[in-house]
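Worksheet: the structure to be examined is printed underneath.
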Amino acid sequence: MKRLTVFLISICTILCFTVGCGVEKKTEGPKVLKVGTEVFFPPFAFRDPGTKEITGFDMDLIRAIGEKMNMQVVLLDMNFEALLPAVKRGNLNAAIAGITITPDRQKIVDMSDPYYESGLSIVVRKGEEAKCKTPEELKGKTVAVQAGTTGEEKAKQLAGENVLSFKTSEETFQALKDKKAEAIVIDKPVARYLIRKQFPDAAVAVDAFATESYGIVMRHHGDLTPKINKALAELKSSGEYDKIYEKWFGKDTK
């Protein structure tokens, strides 16, 4: 009986070391990186017409960042205006959707180091470029914008109350096409992509009158911010960032 007791104690000891005595091992940070985006912002985020998968420059970048951090990126499609509140509440780990770094946004969330230099453009119907040669000429015109963007803020400064806000960038172009708006204020790369791919009857009247930088949004003062910045810096130094950039924008376009 004594030998049996000693034998059982030995087995229990071995099992404790093997499985950790039933104590759950804690892991640092989420294994899944839950990232919000808005899929009507090509070429940064949109659904592939064939596969229906979310693709784009931002998507390739955040997936590469996730790989560097050894985390699985799960993408959630949301309205642009809902992204920052969702990160602030903790419903998302991060958000990426061509989000401009601004002091007001940095008051409520963390934003990564810049990953893309952009600017605002003014788009009109083709043949009407002469009607809007400067941003100041938006005054008195009906301007279409995407809600919650810096383009909306700038348009309200320039055009006053004559601003129509839409959920997606594509809707702003449709409003221009339907003559519900006389101009659009929108991010330069998005304007050029949509004109080339979907709205050939539109044209850029003012190319880039406000320089902006895009950043990844994270919860304020969270431990994720330095990790994402580190991964982004590693992608840039390794040349992987350049490969992703050239895939979507070509060479010599920075």
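Coordinate-derived values only; no laboratory data. All values reported here derive from a predicted model rather than from experimental measurement. Methodologically, a virtual Cβ is constructed for each residue, glycine included, from the backbone with ideal geometry; neighbour enumeration extends over all protein chains shown.
One equal scatterer on each Cα of the chain, no solvent, Debye formula: the resulting log10 I(q)/I(0) at q = 0.08, 0.10, 0.11, 0.15 Å⁻¹ is -0.39, -0.54, -0.63, -1.05. The distance linking region 139-162 with region 211-229 is 27 Å (Cα centroid to Cα centroid, whole angstrom).
Compute, for region 91-180, the length of the dipole vector about the Cα centre, with Cβ point charges of +1 (Lys, Arg) and -1 (Asp, Glu) only. Units Debye, rounded to 20.
Numbers: 14 positive and 14 negative charges, 89 e Å.
Approximately 420 debye in magnitude.
Roughly what % of DSSP beta bridges within region 118-212 run antiparallel, to the nearest 5?
Values: 11 of 17 bridges.
About 65 percent, rounded to the nearest 5.
Please tell me which of these pairs span more than 21 angstrom C-alpha to C-alpha: Lys126/Lys179; Lys188/Lys227; Lys68/Lys107? Kindly include the intermediate steps, with their values, before the conclusion.
Working: Lys126/Lys179 12 Å; Lys188/Lys227 29 Å; Lys68/Lys107 28 Å.
Correct reply: Lys188/Lys227; Lys68/Lys107.
Dipole magnitude for the chain: computed about the Cα centre from +1 point charges on Lys and Arg Cβ and -1 point charges on Asp and Glu Cβ, it is near 820 debye. Of the options Ala175, Leu164, Val73, report the single residue whose Cα projects farthest towards the positive end of the charge dipole of the chain (beta-carbon charges: Lys, Arg +1; Asp, Glu -1). Going by the charge dipole, the pick is Val73. When Asp77, Asp110, Asp48 are arranged by Cβ crowding within 10 Å, least crowded first, meaning fewest neighbours, the order is Asp48, Asp77, Asp110. Counted over all Cα-Cα pairs of region 86-174, pairs farther apart than 23 Å make up 34 percent.
Protection proxy ranking, highest mean first, for peptides 49-59, 96-106: 96-106, 49-59, where packing is the per-residue count of other beta-carbon atoms within 10 Å, averaged. Under 16 Å of direct C-alpha separation, and excluding same-chain neighbours fewer than eight residues apart, Lys141 reaches these aspartates and glutamates: Glu128, Glu129, Glu152, Glu153, Glu161, Asp178, Glu182. With helices as the sole contributors, the chain gives -11500 deg cm²/dmol at 222 nm; each DSSP H run of n ≥ 4 counts as -39500 (n - 2.57), and the sum is divided by every residue.
Just add up the charged neighbours of Ser165: K/R +1, D/E -1, any other residue whose Cβ is under 10 Å from the Cβ of Ser165.
On the way: positive: Lys156, Lys167; negative: Glu81, Glu152, Glu171.
With Lys, Arg at +1 and Asp, Glu at -1, the neighbours total -1.
Taking the inverse of the mean 1/r over every pair of distinct Cα atoms in region 149-254 gives a Kirkwood hydrodynamic radius of 16.5 Å.
Would you mind telling me the antiparallel percentage of the DSSP bridges in the chain, rounded to 5? Can you show the working numbers first?
Working: 23 of 37 bridges.
About 60 percent, rounded to the nearest 5.
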